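*Asks:* Below is one structure. I have some questions about it.
The values are calculated or read from the model by the stated rules, or taken from the named source; none is laboratory data. Predicted model, so just to flag it, every value in this text is computed and none were measured. Here the Cβ positions follow ideal geometry from the backbone for every residue, glycine too, while neighbour counts run over all protein chains shown. These area figures cover heavy atoms from the full protein model, side chains too; ligands, DNA and RNA do not enter into them. Shrake-Rupley method; radii C 1.70, N 1.55, O 1.52, S 1.80 Å.
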Amino acid sequence: MTKLAICPGSFDPITYGHLDIIQRGAKIFDHVIVAVFNNQAKAPLFSVEERSTLIEEVTADFDNVTVDTCDGLLMDYAKEKNAQAILRGLRAVSDFEYEMQITSMNRKLNEDIETFFMMTNNQYSFLSSSVVKEVAKYHANVSDLVPEVVEQALIRKFTK
């Protein structure tokens, strides 16, 4: 049986921290689907389609990673894909409380799908999409925070 994990998020935009989790997860699971969700609580800079395209570009070298989109419940999506696991990254203790709430609800919805938390690499522990967008908005250098294709997309967004 193929061990399939879903790595969900809004990825607005994808950062090196996200890529760290995806790449390391791809070494553990047979297949990882990066599922781009449209978080209604956030005002995204990039459309779901733009985010998906950027992720496809930066994960093109990962043979066992695919990108998809979803706008429903994660656990319904995971069941539809026959996933065994949800892969989530943790940056700091502050992430844990929120992630614990979400995981508890997900287990209530489907106890057959496990959630795996992976600590991000220390060099990315401060990194979030929100921080990247804020810095890029003021035309500061984000080349060490995001892949070049993402950096160029940010430059285009903020020079309009």
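*Asks:* Considering segment 1-26 alone, what residues qualify as being in a loop (DSSP other than H, G, I, E, B) and within 21 Å of Lys81 (Cα to Cα)? Walk me through how you get there before you give the answer.
*Replies:* If we filter segment 1-26 for residues that are in a loop (DSSP other than H, G, I, E, B), which is where we start, we get 1-3, 10-15.
Within segment 1-26, Met1, Thr2, Lys3, Ser10, Phe11 qualify.
*Asks:* Does segment 66-80 contain at least one residue that is loosely packed, with under 13 Cβ neighbours inside 10 Å, closer than 24 Å to Lys157 by Cα and either modelled with pLDDT of 95 or more or not polar (S, T, N, Q) (or both)? Talk me through it step by step, then tell me what you get.
*Replies:* Applying the first criterion (loosely packed, with under 13 Cβ neighbours inside 10 Å) to segment 66-80 yields 71-72, 76, 80.
Within this subset, residues satisfying the condition of being closer than 24 Å to Lys157 by Cα are 71.
Remaining after also requiring either modelled with pLDDT of 95 or more or not polar (S, T, N, Q) (or both): 71.
Yes, segment 66-80 contains at least one residue that is loosely packed, with under 13 Cβ neighbours inside 10 Å, closer than 24 Å to Lys157 by Cα and either modelled with pLDDT of 95 or more or not polar (S, T, N, Q) (or both).
*Asks:* Could you check how many residues of segment 113-154 are without any contact (Cβ under 8 Å) to a residue 24 or more places away in the chain and assigned to a loop (DSSP other than H, G, I, E, B)?
*Replies:* Residues flagged as without any contact (Cβ under 8 Å) to a residue 24 or more places away in the chain and assigned to a loop (DSSP other than H, G, I, E, B) within segment 113-154 amount to 6.
*Asks:* Of everything in segment 53-65 that's part of a loop (DSSP other than H, G, I, E, B) and open to solvent by less than 60 Å² (accessible area, probe 1.4 Å), which residue is nearest to Val146 (Cα to Cα)?
*Replies:* So the residue we want is Thr59.
*Asks:* Follow-up question, since we're still on this one. Specify the residue that is most open to solvent (accessible area, probe 1.4 Å); the eligible residues are those in segment 1-52 that are of a type in the set (Asp, Glu) and touching a Leu at 6+ places or on another chain (Cβ under 8 Å).
*Replies:* Among those residues, the one meeting the criterion is Asp30.
*Asks:* Just name the residue that is least open to solvent (accessible area, probe 1.4 Å) out of those in segment 107-124 that are closer than 18 Å to Glu80 by Cβ, under 20 Å from the mean Cα position of the chain (by Cα) and of a type outside the set (D, E, K, R).
*Replies:* Filtering first and then ranking leaves Ile113.
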